[in-house]
Number of protein chains: 6
Amino acid sequence: MRILVVNPNTTASMTALIGECARASVGPGVVVDAIDPGAGPVSLESHYDEAIAVPHLLGALEREGAAYDGFVIACFGDPGLHAAREILAGPVVGIAEAAMRTVAYLCRRFSVVTTLPRVVAHTWSIARDYGVADLVGGIHACEIPVVDLETDPAAYATILAACRRALAEDRSEAIVLGCAGMADLCARLSKELDVPVVDGVAAATAEVEKLVRLGLSTSRHNEYAAPPAKQIRGRW
Amino acid sequence: MRILVVNPNTTASMTALIGECARASVGPGVVVDAIDPGAGPVSLESHYDEAIAVPHLLGALEREGAAYDGFVIACFGDPGLHAAREILAGPVVGIAEAAMRTVAYLCRRFSVVTTLPRVVAHTWSIARDYGVADLVGGIHACEIPVVDLETDPAAYATILAACRRALAEDRSEAIVLGCAGMADLCARLSKELDVPVVDGVAAATAEVEKLVRLGLSTSRHNEYAAPPAKQIRGRW
Amino acid sequence: MRILVVNPNTTASMTALIGECARASVGPGVVVDAIDPGAGPVSLESHYDEAIAVPHLLGALEREGAAYDGFVIACFGDPGLHAAREILAGPVVGIAEAAMRTVAYLCRRFSVVTTLPRVVAHTWSIARDYGVADLVGGIHACEIPVVDLETDPAAYATILAACRRALAEDRSEAIVLGCAGMADLCARLSKELDVPVVDGVAAATAEVEKLVRLGLSTSRHNEYAAPPAKQIRGRW
Amino acid sequence: MRILVVNPNTTASMTALIGECARASVGPGVVVDAIDPGAGPVSLESHYDEAIAVPHLLGALEREGAAYDGFVIACFGDPGLHAAREILAGPVVGIAEAAMRTVAYLCRRFSVVTTLPRVVAHTWSIARDYGVADLVGGIHACEIPVVDLETDPAAYATILAACRRALAEDRSEAIVLGCAGMADLCARLSKELDVPVVDGVAAATAEVEKLVRLGLSTSRHNEYAAPPAKQIRGRW
Amino acid sequence: MRILVVNPNTTASMTALIGECARASVGPGVVVDAIDPGAGPVSLESHYDEAIAVPHLLGALEREGAAYDGFVIACFGDPGLHAAREILAGPVVGIAEAAMRTVAYLCRRFSVVTTLPRVVAHTWSIARDYGVADLVGGIHACEIPVVDLETDPAAYATILAACRRALAEDRSEAIVLGCAGMADLCARLSKELDVPVVDGVAAATAEVEKLVRLGLSTSRHNEYAAPPAKQIRGRW
Amino acid sequence: MRILVVNPNTTASMTALIGECARASVGPGVVVDAIDPGAGPVSLESHYDEAIAVPHLLGALEREGAAYDGFVIACFGDPGLHAAREILAGPVVGIAEAAMRTVAYLCRRFSVVTTLPRVVAHTWSIARDYGVADLVGGIHACEIPVVDLETDPAAYATILAACRRALAEDRSEAIVLGCAGMADLCARLSKELDVPVVDGVAAATAEVEKLVRLGLSTSRHNEYAAPPAKQIRGRW
């Protein structure tokens, strides 16, 4: 089985980190490749960033898709998820939906710890869309931009503090990490906090492995049927 | 006051039709220009089509935006709406949100008549997002692709029949037209059906005029603040 | 086009203030008249006040309605809204629904600042009914009775403080003013707070202008059909 | 214990019927009086009818209230319910809320059978407000105006047929009768249909008895506190 | 009329207290017996405790049921409620559903005060299931285990303080007591707090009396039909 | 890794079938054992059946749990799920929650095909609890009792017909099989229907493998903390 994980931003070190975490989450015999589209924003922190990144993401999936059995979109807003399902034969899983549905097997109330305040309202909207809003105790921004997650020496301590505050204020029972760039902190945070901490990169990659093994993929009827063939002017 | 209406697809005749309907919906002294991005799919009927079209739409808005007081995105899925709000000073309104919120002033139960079955489930999702799902009696596909709306001689009759079926089956009290390409049929349908028929192009353009006159525009805090400045690799 | 704005309470100075704000919100060629029913409570701050005021409100609309194209009910609880739609040919808009649906074009999370604590739970109920509850960050009472809004010299400062507290506590992005008597404070508050502040009187009047220009009015089927003719004993 | 049941319409024969059904639903030692306000519409079938009837209803409650321990508002739209709670010391129960909450102890899915199609959408709105919408399989109009319930010789057969259709189409397990004028049909319908049939007049009267015996009444804090004292111009 | 109240735990002193409160809530001529199953946990404070207790509860109902007209399950999680409805001819009411639906007649916003933090998230889930979640201002644990309610000399003061905190923090208008073991504190708390305080034991017993008097019982169709006859291996 | 799948009913042939399907859904190196509790009903088709079965199910889990890394409860009502999480170190997954959350990665609208009409309303309730109700197009009973699934020669054809009807009536895009006893039909149905068909036994077993591999298990805080130690009278 071969799984392709796409980081929709163009920060190579983050793609590497994501690949490492994704590979650590699969069973024997599963090959995981992590790529980024080569073009687009260095991080995705706005609707604008997502909109600009998605065609490059879809282009990468179109080019590489035939060689893989399943796909992960490794950015917490799940950009391009619905479109990717329309054009790929294998199942496609976003890291936000995977994290939020996975934590629902583990507790009745969880908190999300994410990067910037500007994404909080949108994350509530995603949680409603994925049917888990009743389980969300709160969504907390740790005020660290995505690209600083790797370089800011205080990042881990800041995120840990945000998790502790979230658990106390929300009286919640588990944490979801709201950014692919936090994937490598998961085990350490879980150990220190003594609650389940769910990273979407691991959750989504393992979910794709599960779906492929079960022989399940995207329905070809209605919503996710292949896009009608049509002319696209000025195709780059 | 100057309003820019952008048709995110690249079918020039539809852009012209949209412009005409938009201009018919504003008061004296309001200039309405209708454009399309020049590049992208000839119609938007899938998540993929939307994803490909949106950067071109945003590019057009970035280029032209400074000359306008407010903006309409004239495609019923409201593609790029959140992103457009982040980058423009004036208010931005989508035709689906405008149609659905406008009809809510007129009845307690309405039906949506749209193009293809593949967009029905997504339209329910939009209706939930806009807070009107409890008012929706049903969403009906008339099985006409977007580009055939102008050329199929049976289009009007087919849409009329779909509206009649919707009103009867859903026991609803008004119709929302689920495609910008139906904008010109609105008055005629309303007369024949004897119920309010709401076209999103008119509703959104008049809504933008209303917002601009009231001095209201997008909040600059959190969700719709300007995107953080950052490097975009391979910018076309 | 002629729009009638009815203040359901009987405080003449508030009717004048409402009329001024309403007139400032329409385009050229639109005549706006503001009246109150001449009988009923001097302010509406309870379900009882509303119930007593509504027949007088409806009576005024029945007497004056034929001369107008559209109607605004200028009290934040939207009293008599459904009944008014049954008896008038033109569209009828309440200031609470107009404010709450208008702010939804501008942000993803707003706060309501209203008069007395006793209306807070009911305002939540209205927000659910209008489909915007997911966007409401909080509803805050500034503890000023309606009739004191005009006379209390500290009113503006108190409301400003309540808005600031609301924005901070709720992490919201815009304000809805929860009383017609605050209509004249809107621009000043917006400037000081640097977020959109939506006043329902302006929003509703401009919405009626929009509906009339689009040729839209209340559906005559089911919910809002004319009331069945019947005997009313002891009609005053 | 003394309970006052108010029929908000002015059809004396219906008031008598309601009184009979209400008296049959209480235990030993409970006195039930049924009145109507003497002024107002002969039946309530629109928002307008309700609005006109409510001040008379409240007036009757103000005049008679001191002599009673609890109160029933006997019209399925629960008109004036919130206002009545503000002005009365004893608990106030509406027949729609009582019927819908009572049937929730008996089944997981029920249908409402009501009078005219025009009230169907509003009844859905009430059901959502009372928190039972998930239990409602459907709301069915039997197309009989309220005042014809007593005189139309086919009324019982028509209602029975509507109940049978509702049970079959909705796969529901019980019936709620959506009009006070159907109160006397309850037992007979239940026997023929072999499912629980809940009449709101009985349910509400017995609920008031229950609340009074338990020493419970309306909270005096916030929402239902006594209305602020104020001038009411032109009080009739 | 004969009502059986079953305390699903095996603490005899609590059964006695529950019986006393239940008997105080019915009218003349109603006999109330309170029992416990004789086997099972001494208190129910976890899903595990409930699961272990329920078959004993059902066994007691099967043995004693024929002699009674209606039934109360006197534990705030309403354990075994659905199953009991399947096997008993008379109506069955749980104390949580009765308390939550009863308080909805008295206010628009209430708080629940319960025993341990571990049941808070589950109580939210129950409130959603019963359709009252929009009315819940908050759910507060007073940190007293069930069996200590009778013996801890500070219990009353601790619960009173939790109620005061709940009313202030949630700006709520009434209290629901979230444990059968608090039933005897209801009147005293209500007097000191000056808001309605609803105890589920009283509410449920009076509700059963109401249902029986109205001739209403569980629907025998679909959800609550008698369980299909079948072999049960190893029946104890 | 060792996974224990418990069939809560006592039909040995069904336990064997479940074990086979569960084993087919895991990767190399994962041992799956399937057992039933040895005591309890031969099938679970009512709340009563579930209540009687659960203590035996929990007993089996207590006896065998220490030897396993994760657990599946293989009955579509997910009986005992919350209680099992309190007493086991490893993660516990129910087949209904696993099927419903898994299908959400594959489509936007699915139908459930289950056994008897009596479980339909309860399955809607479960779907709401798991946050997927908006995705459910319909829930269809094929009118086959659980124990007849293996012996009725027409079972497959009946279920196939129910699936076809569900897809057509609900315009849905995938099927969830609503009974563990249908697990072996999954691949064949999917092939004939040409849509994803999700069996909960496979989905839950693969989900447990995923959770264990990711090092995730039930949170020990609040809701699912170990039950407080206490006396259980008459323990069998």
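The values are calculated or read from the model by the stated rules, or taken from the named source; none is laboratory data. From a predicted model like this one, the values you see are computed outputs, not experimental measurements. Here the Cβ is made from the backbone with ideal geometry for all residues, glycine too, and neighbour counts use every protein chain on show. Surface areas here come from the heavy atoms of the whole protein model, side chains and all, with no ligands, DNA or RNA. Shrake-Rupley method; radii C 1.70, N 1.55, O 1.52, S 1.80 Å.
Points to keep in mind about this one:
- Residue match in the range A:3-15 (condition: over 29 Å from A:Val132 (Cα atoms), of a type in the set (Val, Ile, Thr) and within 14 Å of chain B (Cβ to nearest Cβ)): yes
- Taken over the range F:117-138, the criterion of being hydrophobic (A, V, I, L, M, F, W, C) and either at the interface with another protein chain (Cβ under 10 Å from one of its Cβ atoms) or within 17 Å of F:Glu50 (Cβ to Cβ) (or both) is satisfied by F:Val119, F:Val120, F:Ala121, F:Trp124, F:Ile126, F:Ala127, F:Val132, F:Ala133, F:Leu135.
- Which numbered condition C:Arg63 misses (of (1) surrounded by fewer than 24 Cβ atoms within 10 Å (Cβ to Cβ); (2) touching a residue at least 24 places away in the same chain (Cβ under 8 Å)): (2)
- Within the range E:43-56, the residues that satisfy the criterion of being open to solvent by 20 Å² or more (accessible area, probe 1.4 Å) and not charged (D, E, K, R) are E:Leu44, E:His47, E:His56.
- Some residue of the range E:91-99 being over 27 Å from E:Val42 (Cβ atoms) and open to solvent by less than 10 Å² (accessible area, probe 1.4 Å): yes
- Every residue from the range E:133-192 that is in contact with a strand residue (DSSP E or B) (Cβ under 9 Å, 6 or more places away or on another chain), of a type in the set (S, T, N, Q) and without any contact (Cβ under 8 Å) to a residue 24 or more places away in the chain: E:Ser190
- Residue match in the range F:68-85 (condition: under 14 Å from the mean Cα position of the chain (by Cα), among the aromatic types (Phe, Trp, Tyr) and open to solvent by less than 10 Å² (accessible area, probe 1.4 Å)): yes
- Filter pass, F:Gly27 being within 8 Å of another protein chain (Cβ to nearest Cβ) and open to solvent by less than 20 Å² (accessible area, probe 1.4 Å): yes
- Selection count where residues are hydroxyl-bearing (Ser, Thr, Tyr), part of a loop (DSSP other than H, G, I, E, B) and open to solvent by less than 20 Å² (accessible area, probe 1.4 Å), scope the range F:118-147: 0
- D:Ser219 open to solvent by less than 40 Å² (accessible area, probe 1.4 Å) and outside the structural domain of D:Tyr105 (by TED's automatic domain parsing): yes
- Members of the range C:139-168 that are within 14 Å of chain B (Cβ to nearest Cβ) and either closer than 23 Å to C:Ser13 by Cβ or of a type in the set (A, V, I, L, M, F, W, C) (or both): C:Cys163, C:Ala166, C:Leu167, C:Ala168
Residues are listed down the side, and each one gets a yes or a no for (1) outside the structural domain of F:Cys21 (by TED's automatic domain parsing); (2) not small (Gly, Ala, Ser):
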{"site": "F:Pro91", "(1), (2)": "no, yes"}
{"site": "F:Leu106", "(1), (2)": "yes, yes"}
{"site": "F:Ser111", "(1), (2)": "yes, no"}
{"site": "F:Trp124", "(1), (2)": "yes, yes"}
{"site": "F:Tyr130", "(1), (2)": "yes, yes"}
{"site": "F:Gly137", "(1), (2)": "yes, no"}
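- Count of the range D:205-224 residues which are more than 7 Å from chain E (Cβ to nearest Cβ) and more than 19 Å from E:Ala187 (Cβ to Cβ): 2
- When B:Thr15, B:Thr102 are screened for being polar (S, T, N, Q), open to solvent by less than 10 Å² (accessible area, probe 1.4 Å) and either closer than 14 Å to B:Thr205 by Cα or not assigned by TED's automatic domain parsing to the domain that holds B:Asp170 (or both), only B:Thr102 passes.
- Of all the numbered requirements in (1) without any contact (Cβ under 8 Å) to a residue 24 or more places away in the chain; (2) within 14 Å of chain F (Cβ to nearest Cβ), E:Gly19 misses one, and that requirement is (2).
- Residues (of a type outside the set (D, E, K, R) and away from chain A (no Cβ under 11 Å)) located in the range F:169-199: F:Val176, F:Leu177, F:Gly178, F:Cys179, F:Ala180, F:Gly181, F:Met182, F:Ala183, F:Leu185, F:Leu189
- Hits in the range E:187-216 (condition: surrounded by fewer than 24 Cβ atoms within 10 Å (Cβ to Cβ) and not charged (D, E, K, R)): E:Ala187, E:Leu189, E:Ser190, E:Leu193, E:Val195, E:Val212, E:Leu214, E:Gly215
- Evaluating B:Gly181 against the criteria (1) out of contact with any Gly (no Cβ under 9 Å at 6 or more places or on another chain); (2) open to solvent by 10 Å² or more (accessible area, probe 1.4 Å) leaves one unmet condition, (2).
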